[in-house]
Amino acid sequence: MSSHGDPIPMTSSACGPLSGTADVPGDKSISHRSLILGAMAVGETTITGLLEGQDVLDTGRAMQAFGAEVINHGGGSWSVHGVGVGGFAEPDQVIDCGNSGTGVRLIMGAMATSPISVTFTGDASLNGRPMARVTDPLALFGCEAVGRSGGRLPMTLVGAADPVPVEYTVPVPSAQVKSAVLLAGLNAPGQTVVIEAEATRDHTERMLAGFGAEISTEVTDAGRVITLKGQPELKPLHIDVPRDPSSAAFPVCAALIVPGSDVLVPNIGLNPTRAGLFTTLREMGADLVYENEREEGGEPVADLRVRFSPDLVGIEVPAERAASMIDEYPVLSVVASFAKGQTHMPGVKELRVKESDRIDAMATGLRAAGVTVEDGPDWWTVTGLGHGNVPGGATCASHLDHRIAMSFLVMGMATQKPMSVDDGGPIATSFPIFEPLMGGLGAQLRRNNR
Ligand code: S3P
């Protein structure tokens, strides 16, 4: 089943060269944060380039339920009239975050230090994902949580009436956990400190500073120590959301494996905590060039020019790079199938608790398509067959996971036989224009029931 509606089986077949410009949508992580922090500021925050994927729309609806006014002005332009830190009203309905782990975990953090009770739920994928990683640190502030066994949704959180500040070392490399603690720290008196051993995406820290919070990051032997002064008045901002490197990954990887391709993917955010895939692809021999490198809104941005690369080679992807490309491993495993030799990907335990177990979902589909994959608890290895040699011809389960569906559809653009997915519906959570965008470049995608 698709997260919202009937399954949409889809097939992708070998196509001629991909060419043209791929205008991918706004960054999902930054879009969620814009709506949540906008709702916690005093006054009107304006946002352009917001990702209008289902995940972000669900977060916008949630912010309205907490009392903020969220207005869609059309064309990716939105405004949020915030209620201020500590100003959330108690929603009179269950908050349904759909498919979005980022949405639910960040919102839990944002409400955890307000004296309100909130019940959260999601789709079958989200309701199977671990929430204790967030509710454990939120308990230190005084927030109580009762959910299903295994710390799963549906779950009710009772926010702390008298929150205390917290010092917390994040036990897993997770920007969602780090961000939940920081957002909770906003309405606690004194200083909240978060320590992360491995650097994860830092959009929350950057945006909090932009909204006028006192926040600093110190790099120490223990990792990054982030200190936030509680109970600021957040001042509204204008946010121009950069385009999502995690969505750019799909046209970029497609162009690398489809013969003759030459594609421009403009205005891509290249924050170093997000750009690990592009470094990895270049190490594999990808013809991928950063053009017009610049800085926009405090984030490094470039246009990506990518051309078919027939001589890709497998590599060892450093474990310490994992956090900066965690959402890109599924599509990297597709590119690795077309490279010569083995691509070994260690240090990726977190992939097992995403929208699906992404190692399992990809390994199963890749094997069905004729590719050899080995995997363990926190690593996997793909043995590439070289350009032109990947059989394909499999129908793969997308497991309510947008990135699994898009990865197999990219794969089918260059396999000998078409690749199908049982449900392309989840693609709308993060990349609602995937089909027309890839079709416009020359991809052969079709919905099987039409
Ligand atoms: C995200 C963090 C990552 C990533 C997710 C978005 C964020 O999750 O996989 O798609 O916006 O903070 P984790 O924090 O679980 O690693």
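The values are calculated or read from the model by the stated rules, or taken from the named source; none is laboratory data. If you're wondering where the values come from, they're calculated on a predicted model, not measured in any experiment. Cβ sites come from the backbone with ideal geometry, for glycine too, and all protein chains shown count toward neighbours. Side chains are part of the model used for accessible areas, which takes the heavy atoms of the whole protein and leaves out ligands, DNA and RNA. Shrake-Rupley method; radii C 1.70, N 1.55, O 1.52, S 1.80 Å.
Structure above, values below:
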item: Filter result (hydroxyl-bearing (Ser, Thr, Tyr) and buried (at least 20 other Cβ atoms within 10 Å of the Cβ)) within the stretch 10-28; result: Ser12
item: Complete set of residues in the stretch 20-69 that are within 12 Å of the ligand (Cβ to nearest atom), not hydrophobic (A, V, I, L, M, F, W, C) and not in a loop (DSSP other than H, G, I, E, B); result: Lys28, Ser29, Ser31, His32, Arg33, Ser34, Asp55, Thr59
item: Selection count where residues are assigned to a loop (DSSP other than H, G, I, E, B) and either more than 24 Å from Pro130 (Cα to Cα) or not hydrophobic (A, V, I, L, M, F, W, C) (or both), scope the stretch 187-212; result: 10
item: Pairs where the first residue, in the stretch 408-425, is of a type in the set (Ser, Thr, Tyr) and the second is assigned to a loop (DSSP other than H, G, I, E, B), C-beta under 8 Å, 6+ apart; result: Thr415/Ala14; Thr415/Ala369; Thr415/Val390; Thr415/Pro391; Thr415/Gly393; Ser420/Pro9; Ser420/Ala394; Ser420/Asn448
item: All positions within the stretch 359-382 that are open to solvent by 40 Å² or more (accessible area, probe 1.4 Å), in contact (Cβ under 8 Å) with a residue 24 or more places away in the chain and of a type in the set (S, T, N, Q); result: Thr364
item: Meets criteria (outside any strand (DSSP E or B) and touching a residue at least 60 places away in the same chain (Cβ under 8 Å)) for Ser337; result: yes
item: Selected residue (criterion: least open to solvent (accessible area, probe 1.4 Å)) from residues of the stretch 168-186 that are part of a loop (DSSP other than H, G, I, E, B) and near the ligand (Cβ under 10 Å from one of its atoms); result: Ser174
item: Thr415 vs. criteria assigned to a strand (DSSP E or B) and over 25 Å from the mean Cα position of the chain (by Cα); result: no
item: Options Ala336, Ala322, Ala302: the member that is small (Gly, Ala, Ser), buried (at least 17 other Cβ atoms within 10 Å of the Cβ) and over 25 Å from Leu409 (Cβ atoms); result: Ala302
item: Residue count, the stretch 192-208 (criterion: more than 13 Å from the ligand (Cβ to nearest atom) and surrounded by 15 or more Cβ atoms within 10 Å (Cβ to Cβ)); result: 4
